[in-house]
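The values are calculated or read from the model by the stated rules, or taken from the named source; none is laboratory data. Because the structure is predicted, anything quoted here is derived from the model rather than measured. Using ideal geometry, Cβ is built from the backbone for each residue, glycine included, and neighbour counts are taken over all protein chains shown. Ligands, DNA and RNA are stripped out before the accessible areas are found, and what is left, the full protein with its side chains, is counted by its heavy atoms. Shrake-Rupley method; radii C 1.70, N 1.55, O 1.52, S 1.80 Å.
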Amino acid sequence: GIYKRLYKLLPVLRVINMLNQDIYVRLASALLSRSGINIIRSPLWIAPSVHLDIAAPGLISIGSGSVISERVTILTHDYSMDRVRSTLKSVNDNFELYRCEPVEIGENAFIGMGAVLLPGVIIGRGSIVAAGSVVTRSVADGMVVGGNPAVTICTTEDYWTRSRSKFHLKVRQR
C-alpha cells in the first residue's frame, strides 16, 4: 500500500536535514516506521538516498544510534535462484523460487556509503561496514568488515587503536 512507499519521501527531507539534522532524523524515522521498518529507539543517521527493500518492510530492523550512509541498499528478498530453476526446469513455470529473510542493523553500527546488505544478515552492535561492501553473511558485534564479499578486517577496538589519530573532533550537529 501507500505506507510501503513512504520511505521514498526521504530525499524530499534533504532540505530539512540542511536546516536541522535532529528534525530530519526524527521525521525520517517516523516515515520509515510508518512504512513498516522496525526502528529501535533513535538511529543517529539514515541518509536520504538509502534504498530499502519494501517487499517485506517488517523484516528490516534499524538499531538505536546506528548510522546508514548515502546510497546504502538493504535487501530482504532474492529471486536469483528462480532463473536457475527456470534453466534447469526443476520446478513448474507457474511458480517462482525466492527467499525472504530479515536484515538487522545493531545498535551503534555504522554502514558505509554504497554498501549492500543481502537478505538474512545481522550487523552486530557497534560494528562497521566499509563503504562499497557487499555483506553476504552476518557480522559479529564490534567487528570491521569490508570488500565484495565483505570479510572481517579487524575488531573495532583494533581499528580505534590504529586509526584514532587520523580523526578530528567537532561539535555534533544534532
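Things worth noting here:
- Where a residue in region 131-148 is over 9 Å from Ala115 (Cα atoms) and among the hydroxyl-bearing types (Ser, Thr, Tyr) and its partner, wherever it lies, is open to solvent by 60 Å² or more (accessible area, probe 1.4 Å) and assigned to a loop (DSSP other than H, G, I, E, B), with Cβ under 7 Å and at least six apart: Thr136/Pro149
- Number of residues in region 95-125 that are assigned to a loop (DSSP other than H, G, I, E, B), surrounded by fewer than 20 Cβ atoms within 10 Å (Cβ to Cβ) and touching a helix residue (DSSP H, G or I) at 6+ places or on another chain (Cβ under 9 Å): the value is 6.
- Applying the condition of being modelled with pLDDT under 95 and assigned to a loop (DSSP other than H, G, I, E, B) to region 128-174 and asking which residue is surrounded by the most Cβ atoms within 10 Å (Cβ to Cβ) yields Arg174.
- All positions within region 62-79 that are in contact (Cβ under 8 Å) with a residue 24 or more places away in the chain, over 15 Å from Ile37 (Cβ atoms) and not in a strand (DSSP E or B): Gly65, Ser69, Glu70, Arg71
- Pair list, Cβ < 8 Å and 6+ apart or interchain, from region 90-101 residues that are aromatic (Phe, Trp, Tyr) to residues that are assigned to a loop (DSSP other than H, G, I, E, B): Tyr98/Tyr79
- Selection from region 142-169 of residues that are under 14 Å from Val121 (Cβ atoms) and in contact with a helix residue (DSSP H, G or I) (Cβ under 8 Å, 6 or more places away or on another chain): Met143
- Whether a residue is within 19 Å of Pro119 (Cα to Cα), among the small types (Gly, Ala, Ser) and outside any strand (DSSP E or B) was assessed, and Ala55 passes this test.
- Qualifying residue in region 25-45 (condition: of a type in the set (S, T, N, Q), within 22 Å of Ile123 (Cα to Cα) and free of Cβ contacts under 8 Å to residues at least 12 places away in the same chain): yes
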